[in-house]
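Notes for the one structure printed next.
Here, each number is a calculation from the coordinates, and none is a lab measurement. Worth saying up front: this structure is predicted, and the values here are computed from it rather than measured. So basically every Cβ, Gly included, is an ideal-geometry build from the backbone, and we count neighbours across all protein chains shown.
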Amino acid sequence: MKILVCISNVPDTTTSIQIGPDGKSADLSQVKWIINPWDELALTRAVELREKHGDVFESLTVISVGEKEADGNLRKALAVGADRAIRVDTAATGNFQVAHQIAELVKKEGFDLVLTGIESSDFNGSATGFILGYLSGMPVASNVSSLTVEQGKITLVQETDSGRETVSMTPPLLAVVQKGIAIEPKIPAMRGIMLARNKPLDVVQAVEYNSADQITAMELPPPKEACKMIDEDNIGELVQLLQNESKVI
Amino acid sequence: MSVLVIIEPFEGGFRKQMLSMLSYGKALAGLNGSSVTALCIGEADQQEAQKLADYGVTKLLLAPRITTEPLNATLIGKWIAEKARAEQSTVIIFSQGFNGRALSGVVAASLNASLATGVFALPQNTDPFEVKKNVFSGKAIATIQLNNDIKVLTLQANSFEIQQDPADSFKIVQLEDSLPADNPGIELISKDKQGGSARLTEAEIVVSGGRGMRGPENWGALEELAGLLGAATACSRPVSDEGWRPHSEHVGQTGKIIAPRLYIALGISGAIQHLAGVRGSKVIVAVNKDPEATLFQAADYGVIGDHKEVLPRFIEEVKKIKG
């Protein structure tokens, strides 16, 4: 089986977001770009599966939509254990656009197991994976917190509004994965980094796709007032404030 | 504009998030004199279905034979898209819960619709259609303009007040539809029903514990406080990783995102990833024996103290006002 893990680049979690001069975008000039945390968990699981079931999974490919700056994290993914990286050479501008670009390759190369993180920490859309599944014509496993393989069948746990479902699916399939799919993200070791240098990073041309939607403004949330400190001996005052001042109990 | 709200019953009735979405749909439809159709997936109690008239629905489509167990996003999504086409819906509203996220993406792709997920308020304007949502895990708010003919929105939990606002008329239409049986692609092996996950995201008050609680054996008092307040319990990531509390209680960037009226955090330092999950709360109370805990910067009220002393006092004071 051929695995494809989709990874996107997001600003490091501790980045302080400032609005740019155009009033509709974040100023990302000083940002450190990391692999989206959920995608990193997806990649970790994929590497674990490849290591455990080498006879079942013949290859692990990672793909990103982005310009040259995205190469760094693709190399990191190769260092962690992917065999091959693909970069679709165009800036990532939205969930439909990214899904369209990746769908082209999924249909062309025929992957058996496609993994995507459930959301990205920049736009929190949580849609790209589902859109990609639809465009690729694959069945989609949703909100997956566990994925195991046994004799050609894939067992997954889907988290839904009414509880947790254990389901069985036969590849090809796309799994939109979330917390639980892997615990600690894999960190590239020295050997992995060395090997990554000789692994292929293919840059492919993007397909034509334009979204009619746009972000027309961006703002910071209203600043919070300073925290009102209450003495630990005076919890009665806190309860009184919660009841009468902020009226939440 | 033709508004379609996608709802699911839970144990025959309708949870707060469903009513909140209907209220949102009614208010949105009201902006240009149109009406709300609701599409109910799953088996609803007939009496509970009738009550939806109070929340502004004009037409309620009941589809008891369509099941979301298992949640087959592409199969169910395509079916919903078909219904939306038949209804000529132009704005389709889902919940920003597990099911809503999956289905809305597939429906939007199927209808070539514009999609905005995690909205928390009515659109700024409907022509052009502009709506706000949180981005960068809550560090900023973006206004998105949706320009395709059909718009799909998912509504954040606890963000829109439930309002009783009946429409001029109300009718129920029973749909006999069922999902295609051959080659569904997903086979259900077992189900662990725990309405728990939605309970936490819908809870108006949440009492949460972090590593500062020092061990699972100390949760008794926290649970007691939660019980008195009618609150749900939650925890930080290290606590669920250690196995002190179930993963379903983890709130944070890679756990659940919640926005209760009141969030009480005991022994939680306030790492950025945790804040991403709770920053939407109306009021945050931080209790920590470390005066440097970052959570104090995001909190509305803070107590420097140990949970072992503070919790019993908190319980006592709440008992007093609850009488």
Cβ-based net charge around A:LEU242, under 12 Å, with every Lys or Arg adding one and every Asp or Glu removing one: 0
Are there GluC sites (Glu not before Pro) in the range B:164-269 that DSSP puts in a loop and that have at most 11 other Cβ atoms within 10 Å, and which ones? B:GLU176
Once every Cα of the range B:162-320 carries one equal point scatterer and solvent is ignored, give the base-10 log of I(q)/I(0) from the Debye formula at q = 0.10, 0.12, 0.16 Å⁻¹, two decimals. -0.46, -0.59, -0.85
Of the options B:SER269, B:ASN288, B:TYR301, report the single residue whose Cα projects farthest towards the positive end of the charge dipole of the range B:259-323 (beta-carbon charges: Lys, Arg +1; Asp, Glu -1). B:TYR301
Averaging over all projection directions, find the projected area of the Cα convex hull of the range B:1-110 and quote it in nm² with one decimal place. 6.1 nm²
Place a +1 charge on the Cβ of each Lys and Arg in the range A:107-248 and a -1 charge on the Cβ of each Asp and Glu, then give the dipole magnitude about the Cα centre in debye, rounded to the nearest 20. 880 debye
Magnitude of the Cβ-charge dipole (Lys and Arg +1, Asp and Glu -1) of the range B:191-323 about the Cα centre, nearest 20 debye, reported as 320 debye
Whole angstrom only: what separates the Cα centroid of the range B:88-130 from the Cα centroid of the range A:58-74? 30 Å
Using the Cβ atoms and a cut-off under 12 Å, what net charge is assigned to the surroundings of B:ASN112, where Lys and Arg are +1 and Asp and Glu are -1? 0
What is the distance, in nm, between label points placed 7 Å from the Cα along the Cα-to-Cβ direction at B:GLU316 and at B:THR126? 5.6 nm
Two-site FRET efficiency, B:LEU179 against B:ASP241, from Cβ-Cβ distance with R₀ of 35 Å, rounded to 0.05: 0.40
Sort A:TYR134, B:TYR24, A:TYR209 by Cβ crowding within 10 Å, fewest neighbours at the top. A:TYR209, A:TYR134, B:TYR24
Proxy exposure order for B:ILE6, B:ILE189 (fewest C-beta within 10 Å first) is B:ILE189, B:ILE6
If chain B were replaced by its equivalent ellipsoid, with semi-axes equal to the square roots of 5 times the Cα gyration tensor eigenvalues, what would those be, largest first, whole Å? 38, 21, 19
In the range A:169-249, the trypsin sites (Lys or Arg not before Pro) that sit in a DSSP loop and have at most 15 other Cβ atoms within 10 Å of their own Cβ are A:ARG197, A:LYS224, A:LYS247
Kirkwood-based Rg/Rh on the Cα set of the range A:10-51 evaluates to 1.22
Inter-site label distance for A:GLU245 and B:PHE10 at 7 Å from Cα along Cβ, in nm: 3.2 nm
What is the local net charge at B:LYS16, summed over the other residues whose Cβ is closer than 11 Å to its Cβ (Lys, Arg +1; Asp, Glu -1)? -1
32 Å Cα-Cα threshold exceeded, pairs from B:LYS51/B:LYS282; B:LYS51/B:LYS256; B:LYS26/B:LYS322; B:LYS51/B:LYS83; A:LYS179/B:LYS171; B:LYS282/B:LYS308: B:LYS26/B:LYS322; A:LYS179/B:LYS171
GNM, chain B, Cα, under 10 Å: largest mean-square fluctuation among B:GLY280, B:GLY118, B:GLY138? B:GLY138
When every alpha-carbon pair in the protein assembly as shown is counted, what percent end up more than 32 Å apart? 46 percent
Considering only DSSP beta bridges whose two residues both sit in chain B, what percent are antiparallel, to the nearest 5? 20 percent
With bins 5 Å wide starting at 0, give me the P(r) of chain A over every alpha carbon pair, in whole percents. 1, 6, 12, 16, 17, 13, 10, 8, 6, 4, 4, 3, 1, 0
With charges only on Cβ, +1 for K and R and -1 for D and E, what is the dipole size of the protein assembly as shown about its Cα centre, in debye, rounded to 20? 420 debye
Sorting B:PHE314, B:PHE10, B:PHE296 on the 10 Å Cβ count, fewest up front, what's the list? B:PHE10, B:PHE296, B:PHE314
Between B:LYS191 and A:ASP22, how many nm apart are label points set 7 Å from Cα along the C-beta direction? 4.7 nm
